[in-house]
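The values are calculated or read from the model by the stated rules, or taken from the named source; none is laboratory data. Please read all numbers here as calculations on a predicted model, not as lab measurements. Accessible surface areas use protein heavy atoms only, side chains included; no ligands, DNA or RNA. Shrake-Rupley method; radii C 1.70, N 1.55, O 1.52, S 1.80 Å.
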Amino acid sequence: MAFQRLINWLLPKDDKFFSLLEEHAVVLGEAAMAMSEFPEDSEKAQIALDRLHQLEHRGDDLVRSVTLALDETYVTPIDREDIHQLATALDNVLDYLYGAAQAFLAYEVHQFSPAMREMILILAEAATALKDAMPYIRKHQLDKLGPVRLQIVALEKRGDVIYQTEMASL
(Lines give C-alpha, C1' and ligand atoms only; values in the text may rest on other atoms or scores of the structure.)
Protein backbone atom coordinates (compact mmCIF):
# COMPACT_ATOMS: atom_id res chain seq x y z
CA MET A 1 0.00 0.00 0.00
CA ALA A 2 2.84 2.40 0.80
CA PHE A 3 4.30 1.77 -2.64
CA GLN A 4 0.99 2.68 -4.28
CA ARG A 5 0.84 5.94 -2.29
CA LEU A 6 4.40 6.73 -3.43
CA ILE A 7 3.43 6.10 -7.05
CA ASN A 8 0.35 8.31 -6.69
CA TRP A 9 2.48 11.04 -5.11
CA LEU A 10 4.92 10.91 -8.05
CA LEU A 11 2.27 10.97 -10.74
CA PRO A 12 1.27 14.34 -12.19
CA LYS A 13 -1.76 15.85 -10.48
CA ASP A 14 -3.18 17.40 -13.65
CA ASP A 15 -6.21 15.32 -14.50
CA LYS A 16 -7.28 17.10 -17.70
CA PHE A 17 -6.59 13.95 -19.71
CA PHE A 18 -8.87 11.87 -17.53
CA SER A 19 -11.59 14.52 -17.75
CA LEU A 20 -11.32 14.61 -21.53
CA LEU A 21 -11.38 10.82 -21.86
CA GLU A 22 -14.30 10.50 -19.46
CA GLU A 23 -16.20 13.18 -21.38
CA HIS A 24 -15.44 11.35 -24.62
CA ALA A 25 -16.87 8.14 -23.15
CA VAL A 26 -20.00 10.06 -22.10
CA VAL A 27 -20.40 11.40 -25.65
CA LEU A 28 -19.99 7.87 -27.00
CA GLY A 29 -22.63 6.66 -24.55
CA GLU A 30 -25.02 9.39 -25.72
CA ALA A 31 -24.39 8.46 -29.35
CA ALA A 32 -24.96 4.76 -28.66
CA MET A 33 -28.19 5.61 -26.85
CA ALA A 34 -29.30 7.82 -29.75
CA MET A 35 -28.52 4.97 -32.12
CA SER A 36 -30.54 2.53 -30.01
CA GLU A 37 -33.50 4.89 -30.32
CA PHE A 38 -32.92 5.53 -34.03
CA PRO A 39 -36.34 5.92 -35.64
CA GLU A 40 -37.35 3.99 -38.72
CA ASP A 41 -39.40 6.93 -40.03
CA SER A 42 -37.20 8.83 -42.50
CA GLU A 43 -38.24 12.31 -41.34
CA LYS A 44 -37.45 11.55 -37.71
CA ALA A 45 -34.38 9.63 -38.80
CA GLN A 46 -32.89 12.79 -40.29
CA ILE A 47 -33.28 14.55 -36.95
CA ALA A 48 -31.60 11.62 -35.21
CA LEU A 49 -28.81 11.66 -37.81
CA ASP A 50 -28.27 15.38 -37.16
CA ARG A 51 -27.99 14.64 -33.42
CA LEU A 52 -25.44 11.89 -34.10
CA HIS A 53 -23.54 14.30 -36.34
CA GLN A 54 -23.33 16.81 -33.48
CA LEU A 55 -22.02 14.09 -31.15
CA GLU A 56 -19.51 12.95 -33.78
CA HIS A 57 -18.24 16.53 -34.10
CA ARG A 58 -17.99 16.74 -30.30
CA GLY A 59 -15.85 13.61 -30.39
CA ASP A 60 -13.59 15.21 -33.01
CA ASP A 61 -13.26 18.29 -30.79
CA LEU A 62 -12.29 16.09 -27.84
CA VAL A 63 -9.59 14.32 -29.87
CA ARG A 64 -8.19 17.73 -30.84
CA SER A 65 -8.26 18.81 -27.19
CA VAL A 66 -6.42 15.65 -26.13
CA THR A 67 -3.83 16.15 -28.87
CA LEU A 68 -3.26 19.78 -27.90
CA ALA A 69 -3.01 18.85 -24.22
CA LEU A 70 -0.46 16.16 -25.07
CA ASP A 71 1.57 18.69 -27.06
CA GLU A 72 1.57 21.07 -24.08
CA THR A 73 2.31 18.53 -21.35
CA TYR A 74 5.75 17.19 -20.56
CA VAL A 75 4.79 14.51 -18.02
CA THR A 76 1.45 12.79 -18.46
CA PRO A 77 -0.37 10.76 -15.79
CA ILE A 78 -0.30 7.66 -18.01
CA ASP A 79 1.66 6.91 -21.16
CA ARG A 80 1.00 9.60 -23.76
CA GLU A 81 0.61 7.05 -26.56
CA ASP A 82 -2.04 5.24 -24.50
CA ILE A 83 -3.93 8.49 -23.97
CA HIS A 84 -3.84 9.27 -27.68
CA GLN A 85 -4.78 5.74 -28.69
CA LEU A 86 -7.73 5.67 -26.28
CA ALA A 87 -9.05 9.03 -27.48
CA THR A 88 -8.67 7.95 -31.10
CA ALA A 89 -10.40 4.61 -30.47
CA LEU A 90 -13.35 6.33 -28.77
CA ASP A 91 -13.62 8.72 -31.70
CA ASN A 92 -13.43 5.89 -34.23
CA VAL A 93 -16.47 4.25 -32.64
CA LEU A 94 -18.34 7.56 -32.87
CA ASP A 95 -17.35 7.83 -36.53
CA TYR A 96 -18.60 4.28 -37.22
CA LEU A 97 -21.89 4.98 -35.46
CA TYR A 98 -22.43 8.10 -37.51
CA GLY A 99 -21.45 6.25 -40.70
CA ALA A 100 -23.98 3.50 -39.96
CA ALA A 101 -26.71 6.06 -39.35
CA GLN A 102 -25.82 7.79 -42.63
CA ALA A 103 -26.08 4.44 -44.40
CA PHE A 104 -29.54 3.84 -42.91
CA LEU A 105 -30.76 7.03 -44.55
CA ALA A 106 -28.78 6.69 -47.78
CA TYR A 107 -30.01 3.16 -48.43
CA GLU A 108 -33.51 4.02 -47.22
CA VAL A 109 -33.58 1.42 -44.48
CA HIS A 110 -37.08 1.84 -43.11
CA GLN A 111 -37.22 -1.26 -40.97
CA PHE A 112 -34.46 -2.73 -38.83
CA SER A 113 -34.07 -6.46 -38.62
CA PRO A 114 -34.02 -8.06 -35.17
CA ALA A 115 -30.29 -8.67 -35.66
CA MET A 116 -29.69 -4.98 -36.39
CA ARG A 117 -31.57 -3.98 -33.26
CA GLU A 118 -29.68 -6.57 -31.19
CA MET A 119 -26.30 -5.30 -32.44
CA ILE A 120 -27.27 -1.72 -31.64
CA LEU A 121 -28.30 -2.75 -28.12
CA ILE A 122 -25.00 -4.61 -27.67
CA LEU A 123 -23.17 -1.46 -28.73
CA ALA A 124 -25.16 0.63 -26.25
CA GLU A 125 -24.40 -1.84 -23.46
CA ALA A 126 -20.68 -1.82 -24.28
CA ALA A 127 -20.61 1.99 -24.44
CA THR A 128 -22.30 2.21 -21.04
CA ALA A 129 -19.81 -0.24 -19.54
CA LEU A 130 -16.93 1.76 -21.00
CA LYS A 131 -18.35 5.05 -19.71
CA ASP A 132 -18.78 3.59 -16.25
CA ALA A 133 -15.24 2.18 -16.26
CA MET A 134 -13.37 5.31 -17.35
CA PRO A 135 -13.15 6.81 -13.82
CA TYR A 136 -11.23 3.69 -12.72
CA ILE A 137 -8.31 4.85 -14.86
CA ARG A 138 -8.23 8.23 -13.09
CA LYS A 139 -8.37 6.53 -9.70
CA HIS A 140 -5.76 3.94 -10.73
CA GLN A 141 -8.21 1.18 -9.79
CA LEU A 142 -6.91 -1.04 -12.52
CA ASP A 143 -8.20 -4.19 -10.79
CA LYS A 144 -11.73 -2.98 -11.58
CA LEU A 145 -10.97 -2.60 -15.29
CA GLY A 146 -10.41 -6.34 -15.84
CA PRO A 147 -14.05 -7.40 -15.34
CA VAL A 148 -15.25 -4.55 -17.56
CA ARG A 149 -12.79 -5.55 -20.27
CA LEU A 150 -14.10 -9.12 -20.09
CA GLN A 151 -17.68 -7.84 -20.30
CA ILE A 152 -16.89 -5.77 -23.39
CA VAL A 153 -15.05 -8.69 -25.02
CA ALA A 154 -18.07 -10.93 -24.36
CA LEU A 155 -20.37 -8.32 -25.92
CA GLU A 156 -18.08 -8.08 -28.93
CA LYS A 157 -18.19 -11.86 -29.35
CA ARG A 158 -22.00 -11.79 -29.19
CA GLY A 159 -22.00 -9.11 -31.87
CA ASP A 160 -19.61 -11.15 -34.01
CA VAL A 161 -21.89 -14.19 -33.81
CA ILE A 162 -24.92 -12.12 -34.82
CA TYR A 163 -22.99 -10.55 -37.70
CA GLN A 164 -21.68 -13.89 -38.97
CA THR A 165 -25.12 -15.48 -38.70
CA GLU A 166 -26.74 -12.66 -40.62
CA MET A 167 -24.04 -12.68 -43.31
CA ALA A 168 -24.43 -16.45 -43.71
CA SER A 169 -28.17 -16.07 -44.18
CA LEU A 170 -27.79 -13.70 -47.16
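Points worth noting:
- Percent of Cα-Cα distances greater than 19 Å, calculated over the range 66-144: 54
- Taking every C-alpha pair closer than 8 Å and separated by at least 6 residues, the mean separation divided by the residue count of the chain gives a relative contact order of 31 percent.
- Cα-Cα separations in the range 4-109 greater than 20 Å, expressed as whole percent: 47
- For the range 1-147, the solvent-accessible area of protein heavy atoms averages 58 Å² per residue (probe radius 1.4 Å; ligands and nucleic acids excluded).
- Here the chain has 59 percent of its accessible surface on carbon and sulfur atoms, given a 1.4 Å probe and all protein chains in place.
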